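Quick notes on the structure that follows.
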Amino acid sequence: MEYRSLGRTGVQVSALCLGCMNFGGKTPEAESLDIIDRALETGVNFLDTANVYTRGKSEEVVGKALKRNGKRDRIVLATKVHGRMDDDDILSSGNNRRHIIQQCEASLRRLQTDYIDLYQIHRPQSTTPIDETLRALDDLIRAGKVRYIGTSTFPAWEVMESLWVSKELGLNRFVSEQPPYHLLDRSIERELVPLAQTYGLAIIPWSPLARGFLSGKYQRGQDIPGDSRFASDMGNGQSVFAQRTKQHFSDMAYGVLDTVEAMAQEKGCTASQVALAWCMNQPGITSPIIGPRTMEHLVDNLGAADVTITDDDRARLDTVAAPEQAIVPYYTGKMIDFKPPQHRW
């Protein structure tokens with residue numbers, strides 16, 4: 001397994017990060033524990049979860065796994081805060097000081113640890129000033145409960161704003177960003193990746209397989225499987241489903257999949273391994289997050305570390321998945337006319 005620096009921190013993390021969203025939910029607890037053990041045995045030392053995943057159950061499973069195998073101090077443990085933890089409590093979500101500190105304590109209990117290596121803000125929130133969020137996170141670092149802080153699904157301009165506020169107020173700064181990034185959506189290459197390379201941020205992509213589409217499980221003209229991520233989107237609202245369907249089930253998307261599958265056949269590997277290997281080796285990328293639901297998924301995903309992507313392979317994929325073809329990410333809603341500063345502060 002290859003290891004890379006987590007931004008400018010110097011902490012070394014595996015080139016693949018084990019995402020734990022399914023654990024304790026779609027993946028039964030016993031299998032979840034075994035998947036974590038298997039990942040660590042193969043060299044993965046980076047685990048990512050969130051308090052909102054199955055309302056804390058994922059964190060509990062991760063905590064049990066690390067208690068059982070005794071490897072807590074050998075891994076970089078990441079979790080997130082922002083999402084609502086109680087449907088009946090308006091105070092149970094957000095990026096405000098009250099919620100962040102409360103949920104950090106709750107995550108520590110569920111994870112059975114006294115510190116979190118990387119504590120991330122799961123989504124931006126315009127109603128909470130970024131300085132309030134950063135001051136709360138800085139206090140947690142100074143208290144020894146958090147080592148580093150990061151963001152997830154922040155547009156480049158908000159990441160830049162946070163770095164400026166941290167400098168102005170003398171606060172610990174974000175060291176990482178977790179964006180969606182895959183062959184069907186390369187929009188982070190426009191601003192976020194150059195920003196990260198300039199200011200030393202780790203990029204930890206989520207959904208590198210485009211919600212499973214790039215594994216080849218969805219074929220033209222076939223119904224969407226009932227147990228798939230896209231099937232769950234259908235139940236989350238028509239607008240969400242329509243937006244993701246436009247991105248993942250277009251002629252462009254199937255053209256990308258055709259090329260990925262052809263390359264997989266030539267290399268003697270799976271389509272998902274080609275897509276993951278491409279993501280792992282893109283400029284500025286630190287550690288894509290894999291989200292296995294089964295042990296079979298884990299073994300397949302780990303095989304991406306052995307797949308070589310050449311310059312010719314990249315050029316071939318660029319012809320069908322060029323950055324300018326990428327759809328604007330659904331989490332920003334629309335393009336923002338933002339002009340970056342002309343000099344560094």
Open item on the list: Considering only segment 278-299, I want to know if a residue exists there that is surrounded by 17 or more Cβ atoms within 10 Å (Cβ to Cβ) and either acidic (D, E) or more than 22 Å from the chain's Cα centre (by Cα) (or both).
Closed with: no
- [ ] For segment 100-109, enumerate the residues that are within 16 Å of I141 (Cα to Cα), out of contact with any helix residue (DSSP H, G or I) (no Cβ under 8 Å at 6 or more places or on another chain) and surrounded by fewer than 21 Cβ atoms within 10 Å (Cβ to Cβ).
- [x] Q102, E105, L108
- [ ] Please indicate, with yes or no, whether at least one residue in segment 63-70 is out of contact with any Asp or Glu (no Cβ under 7 Å at 6 or more places or on another chain) and outside any helix (DSSP H, G or I).
- [x] yes
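Looking only at residues that are aromatic (F, W, Y) and under 23 Å from D117 (Cβ atoms) in segment 155-201, which one is surrounded by the most Cβ atoms within 10 Å (Cβ to Cβ)?
Within segment 155-201, the subset aromatic (F, W, Y) is 157, 164, 174, 181, 199.
Checking which are under 23 Å from D117 (Cβ atoms) leaves us with 174, 181, 199.
On the way: F174: 22, Y181: 28, Y199: 16.
Checking each candidate, the answer is Y181.
Inspect segment 322-329 for any residue being under 21 Å from the mean Cα position of the chain (by Cα) and either part of a helix (DSSP H, G or I) or at pLDDT 95 or above (or both) and give the result as yes or no. Break it down stepwise before answering.
Restricting attention to segment 322-329, the residues satisfying the condition of being under 21 Å from the mean Cα position of the chain (by Cα) are 323, 326-329.
Next, from what is left, pick out any that are either part of a helix (DSSP H, G or I) or at pLDDT 95 or above (or both): 323.
Checking segment 322-329: at least one residue is under 21 Å from the mean Cα position of the chain (by Cα) and either part of a helix (DSSP H, G or I) or at pLDDT 95 or above (or both).
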Task: Every residue from segment 162-187 that is touching a helix residue (DSSP H, G or I) at 6+ places or on another chain (Cβ under 8 Å) and among the hydrophobic types (A, V, I, L, M, F, W, C) - done: L163, V165, L169, L171, F174, L183, L184
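A quick yes/no check of all residues on (1) in contact with a Lys or Arg (Cβ under 7 Å, 6 or more places away or on another chain); (2) part of a helix (DSSP H, G or I); (3) of a type outside the set (G, A, S); (4) surrounded by 21 or more Cβ atoms within 10 Å (Cβ to Cβ):
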position	(1), (2), (3), (4)
R8	no, no, yes, no
L18	no, no, yes, yes
S32	no, yes, no, yes
I35	no, yes, yes, yes
E59	yes, yes, yes, yes
Task: Which numbered condition I116 misses (of (1) of a type in the set (V, I, T); (2) closer than 24 Å to R293 by Cβ; (3) buried (at least 20 other Cβ atoms within 10 Å of the Cβ)) - done: (2)
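With surrounded by fewer than 16 Cβ atoms within 10 Å (Cβ to Cβ), over 18 Å from the mean Cα position of the chain (by Cα) and at pLDDT 95 or above as the only criterion, which of G235, G221, G268 stands out?
On the way: G235 fails: at pLDDT 95 or above; G221 fails: at pLDDT 95 or above.
When all the criteria are applied, what remains is G268.
Can you find a residue in segment 102-113 that is over 30 Å from R38 (Cβ atoms) and not hydroxyl-bearing (S, T, Y)? Talk me through it step by step, then tell me what you get.
Initial filter on segment 102-113 (over 30 Å from R38 (Cβ atoms)): 102, 105.
Still in the list and also not hydroxyl-bearing (S, T, Y): 102, 105.
Yes, segment 102-113 has at least one match.
The values are calculated or read from the model by the stated rules, or taken from the named source; none is laboratory data. Note that the coordinates shown come from a computational prediction; the quantities given were computed from them, not determined experimentally. We place every Cβ from the backbone using ideal geometry, glycine too, and count neighbours over all the protein chains shown.
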